[in-house]
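Everything below concerns the one structure shown next.
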Amino acid sequence: NAGVTQTPKFQVLKTGQSMTLQCAQDMNHEYMSWYRQDPGMGLRLIHYSVGAGITDQGEVPNGYNVSRSTTEDFPLRLLSAAPSQTSVYFCASSYIGAGEQYFGPGTRLTVT
Amino acid sequence: AQKVTQAQTEISVVEKEDVTLDCVYETRDTTYYLFWYKQPPSGELVFLIRRNSFDEQNEISGRYSWNFQKSTSSFNFTITASQVVDSAVYFCALKTSYDKVIFGPGTSLSVIP
């Protein structure tokens, strides 16, 4: 099992550009989520999904879109990048209910 | 609304000392789950322990122990005889019945040899 994979590992964008961060898991987990990690702020939930076709907003959803067309994939789209979106992004997956989350290795995004 | 507070931003201890990391949570749900995760300097996030709202039994696992008290909404984590390899950021997290998982801001633990 590859677990949770994220691509790319690093990305530099200019303000206003768009891009998609990819996340995939091969553990058949129903639940997937995206977090951003900023110094002193911990992990903040951006969007999450409890199954294919179902997504919901987290704590800081503005500026980000998600979709869940398959159980395995949960891409995060930045529509128009801003410097405030400079962060490390983590994707995670788990079983519904008591399941602990498995995290990807993270994507370090810099917006200039 | 749900919230997780970790009042200790940074802790520094000398190797072999015991250290307790505090976590206080808020939720109106009666069914919920609490977690601790570790993020070492390499950056990956590692699951440590889970407790559900119906299980207040505290546990010891090797050098780690957990104290879950619903009456004070606290889920504290203790490392006994700390080691340099315990140096990391530790996150407490709350998962409610809607499966939304919220993390606290983290506590950075430095264990000095």
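The values are calculated or read from the model by the stated rules, or taken from the named source; none is laboratory data. Everything numeric in this text was worked out from a predicted model, so none of it was measured. Positions of Cβ are backbone-derived with ideal geometry, glycine not excepted, and every protein chain shown enters the neighbour counts. Ligands, DNA and RNA are excluded from the accessible area calculation, which covers all protein heavy atoms including side chains. Shrake-Rupley method; radii C 1.70, N 1.55, O 1.52, S 1.80 Å.
Residue count for the range A:77-112 satisfying the condition of being away from every other protein chain (no Cβ under 14 Å) and closer than 25 Å to residue A:28 by Cα: 1. Examine the range A:62-76 for a residue that is within 14 Å of chain B (Cβ to nearest Cβ), under 13 Å from the mean Cα position of the chain (by Cα) and within 21 Å of residue B:92 (Cα to Cα), and state whether such a residue exists. There is no residue in the range A:62-76 that is within 14 Å of chain B (Cβ to nearest Cβ), under 13 Å from the mean Cα position of the chain (by Cα) and within 21 Å of residue B:92 (Cα to Cα). Residues in the range A:1-36 that are of a type in the set (A, V, I, L, M) and touching a strand residue (DSSP E or B) at 6+ places or on another chain (Cβ under 6 Å) were compared, and the one that is surrounded by the fewest Cβ atoms within 10 Å (Cβ to Cβ) is A:12. Set side by side, the residues A:49, A:33, A:18 differ, and just one is of a type in the set (Gly, Ala, Ser) and closer than 30 Å to residue B:7 by Cβ, which is A:33.
Residues that are open to solvent by less than 70 Å² (accessible area, probe 1.4 Å) number at least 2 in the following strands (runs of 3 or more DSSP E) confined to the range A:37-112: A:42-51, A:64-66, A:76-78, A:87-94, A:107-111. Considering the range B:98-110, the residues that are part of a loop (DSSP other than H, G, I, E, B) and more than 18 Å from residue A:32 (Cβ to Cβ) include one that is most open to solvent (accessible area, probe 1.4 Å), namely B:105.
Considering the range A:9-24, and only residues there that are in contact (Cβ under 8 Å) with a residue 60 or more places away in the chain and under 12 Å from the mean Cα position of the chain (by Cα), the residue that is nearest to residue A:92 (Cα to Cα) turns out to be A:23. Candidates are the residues of the range A:1-36 that are polar (S, T, N, Q) and outside any loop (DSSP other than H, G, I, E, B); the one that is farthest from residue B:90 (Cα to Cα) is A:20. Cβ separations smaller than 8 Å between residues 6+ apart or across chains give the following pairs from the range B:87-113 residues that are of a type in the set (Asp, Glu) to residues that are in a strand (DSSP E or B): B:99/A:31; B:99/A:48; B:99/A:50. Considering the range A:37-61, and only residues there that are farther than 19 Å from residue B:33 by Cα and facing another protein chain (nearest Cβ under 9 Å), the residue that is modelled with the lowest pLDDT turns out to be A:40.
Checking each residue in the range A:2-48 for being at positive phi and in contact with an Asp or Glu (Cβ under 9 Å, 6 or more places away or on another chain) picks out A:3, A:28.
A quick yes/no check of all residues on (1) within 14 Å of another protein chain (Cβ to nearest Cβ); (2) of a type in the set (Ser, Thr, Tyr); (3) under 13 Å from the mean Cα position of the chain (by Cα):
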residue	(1), (2), (3)
B:40	yes, no, no
B:67	no, no, yes
B:70	no, no, no
B:81	no, no, no
B:94	yes, no, yes
B:109	no, no, yes
